[in-house]
Ligand SMILES: [Mn+2]
């Protein structure tokens, strides 16, 4: 039995090839999988569960099939699809999980987060994040006509693109102090997250014990995933060499 993790697919209605790649992946790579975790930014934008683009239908059908096959699928929102809600998750046969969530992964207590909350050096982003996670503001947004929601989303994306050019790559990566802090808060030695688009298995010391931070990769036009069983965790990503992709846990 295995557990599969993916994140940062950044699916959009315009990129039908990527939707197809995802649908095929979820069909072929889930043999023997008992749980599937989608850790945020599966979708590049989310304007509300009431306006799901028709292009996503094949993916929704595939997720429903996994549910029928008995595979438990868990959905976490990211910084791009944070407006995704329970209605959509239920429609796909998925369970919406909080960011952060702690799971028992083959006897290993593991913290799951999307990853944007770890980028504490990016002060302006964290300010924006607090605002957009306000439940009242989200309620207001979801009650706007579609064209207004689209307008707001486009404006935010454009601003983000402009700001990205002036932000250093350091600022946009995780802050190691924040990583240690949240891992200690949840009393874990293992952390799995996405968001930074820097797939890797980082080993370090936390509270005098070995600790690991596994970063899931973004997809662009290639798959990237983490497969775990009771022997090892394997991060399959075209940017990582075979020797750096395996973490033995037994
Ligand atoms: Mn993200």
**Report entry** segment 190-214 - residue that is touching a strand residue (DSSP E or B) at 6+ places or on another chain (Cβ under 7 Å), touching a residue at least 40 places away in the same chain (Cβ under 8 Å) and assigned to a loop (DSSP other than H, G, I, E, B) and, of those, farthest from the ligand (Cβ to nearest atom)
**Finding:** 199
Query raised in the report: Cβ-Cβ below 8 Å, separation at least six or inter-chain, first residue in segment 36-48 and modelled with pLDDT of 95 or more, second within 12 Å of the ligand (Cβ to nearest atom) and assigned to a strand (DSSP E or B): which pairs?
Result: 37/76; 38/76; 39/76; 39/113; 39/193; 40/76
Report task. Would you confirm whether any residue within segment 159-174 is modelled with pLDDT of 90 or more and either touching a strand residue (DSSP E or B) at 6+ places or on another chain (Cβ under 6 Å) or closer than 28 Å to residue 210 by Cβ (or both)? Result -> yes
Query raised in the report: With respect to the numbered conditions (1) over 24 Å from residue 200 (Cβ atoms); (2) out of contact with any helix residue (DSSP H, G or I) (no Cβ under 9 Å at 6 or more places or on another chain), which one is the sole condition not fulfilled by residue 18?
Result: (1)
Query raised in the report: under 19 Å from residue 82 (Cβ atoms), part of a helix (DSSP H, G or I) and in contact with a helix residue (DSSP H, G or I) (Cβ under 7 Å, 6 or more places away or on another chain): does that describe residue 161?
Result: no
Query raised in the report: Can we say residue 39 is within 24 Å of residue 191 (Cβ to Cβ) and surrounded by 19 or more Cβ atoms within 10 Å (Cβ to Cβ)?
Result: yes
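The values are calculated or read from the model by the stated rules, or taken from the named source; none is laboratory data. Worth saying up front: this structure is predicted, and the values here are computed from it rather than measured. Counting neighbours? That spans all protein chains shown, and the Cβs are built from the backbone with ideal geometry, glycine included.
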